[in-house]
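Some notes on the structure that comes next.
Nothing in this text is a laboratory measurement; each read-out follows from the coordinates by a stated rule. Since this is a predicted model, take the numbers as computed values, not measurements. Cβ atoms come from the backbone with ideal geometry, glycine included; neighbour counts cover every protein chain shown.
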Amino acid sequence: MEVLLERVINGRVLKAVHGDITEEGTEAIVNAANSLLKHGGGVAGAIVKKGGKVIQEESDRIVSERGPVPVGGAVYTTAGNLKAKYVIHAVGPIWGEGDEERKLRSAVRSALKLADELGLNSIALPAISTGIFGYPKREGVRVIVDEVIRYLEENPSTSLKKIHFTAIDGETAEFFKEEIKSLT
Ligand code: AR6
C-alpha cells in the first residue's frame, strides 16, 4: 500500500492509494459489484476470497429478499475477515449500456450515503466500473472523484472524514492522484 498523494479538502482527508483495497484499514471498503451481487472477478472476487464466504452469503440473502440491486444503487454487508467493518457493494454501469456517467455518479453517491447512514468516519473506493465493466479509466476516475467532492460540498454534516481512492493498478492510481491534485 503506497499513498501517492494526500490532501485536505474542506476538512476532509483525501488520499490516492496504490494497492489492494482488501488491505485497507478504513471502516468500510466499497466493492465494484454487479446487480445480482455475484462476486466473481476484480475487486469483488478479491473481497470474497480474502473476506470469506460470509460476504457472498449475506449478499445472496439481500438479493433473494429485496431483488437485484439497481445500477447506481448500493447495499452493505459485514466484511468477514477483512480489516474493514463493512463492505458497501455499489453497482456501476457496464460501458455501452447508456447513461453511464449518471449511473456511475449515482453508484458513488449511494455508497457515500450508506456510509453516512452507518455513521462511518472513513471509506475506501475503487475505480468502480473501470475494470471488467469497461468504463474508460481516465474518465471514470474523473467522475468518481468529482462526485465525491460534490457529495462532501452538499453534505457538510457528513460523518466521513477520510476518503481513500484505492487502485491496484498503477495507471488508475496515478489517475486518482492527478485528479485529486487538480482539485482547487
Ligand atoms: N484493489 C483495488 N483495485 C482493484 C482490485 C483490488 N483488489 N482489483 C481490481 N481493481 P472491477 P467493475 C481495480 O473489474 O469494472 C466483478 O466480476 C481494477 O483495476 O473490479 O465495476 C463484479 O462481480 C479497476 O480499475 O470492477 C462485477 O460483475 C477497478 O478496480 C464486475 O466485475 C474496478 O474493476 C464489476 O466490474
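Structure data summary
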item: Residue in the range 48-68 that is surrounded by 14 or more Cβ atoms within 10 Å (Cβ to Cβ), under 15 Å from the mean Cα position of the chain (by Cα), within 13 Å of the ligand (Cβ to nearest atom) and in contact (Cβ under 8 Å) with a residue 24 or more places away in the chain present; result: no
item: Which listed residue, of L120, L112, L104, L125, is touching a Gly at 6+ places or on another chain (Cβ under 9 Å) and buried (at least 17 other Cβ atoms within 10 Å of the Cβ); result: L104
item: Yes/no for E139 being acidic (D, E), under 21 Å from A33 (Cβ atoms) and not in a strand (DSSP E or B); result: yes
item: Top-ranked residue in the range 124-179 [being within 12 Å of the ligand (Cβ to nearest atom) and of a type in the set (F, W, Y); ranked as farthest from V13 (Cα to Cα)]; result: F133
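Residues are listed down the side, and each one gets a yes or a no for (1) in contact with a His (Cβ under 9 Å, 6 or more places away or on another chain); (2) at positive phi; (3) of a type outside the set (S, T, N, Q):
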{"site": "A32", "(1), (2), (3)": "yes, no, yes"}
{"site": "S35", "(1), (2), (3)": "no, no, no"}
{"site": "V43", "(1), (2), (3)": "no, no, yes"}
{"site": "G51", "(1), (2), (3)": "no, no, yes"}
{"site": "R66", "(1), (2), (3)": "no, no, yes"}
{"site": "A84", "(1), (2), (3)": "no, no, yes"}
{"site": "V91", "(1), (2), (3)": "no, no, yes"}
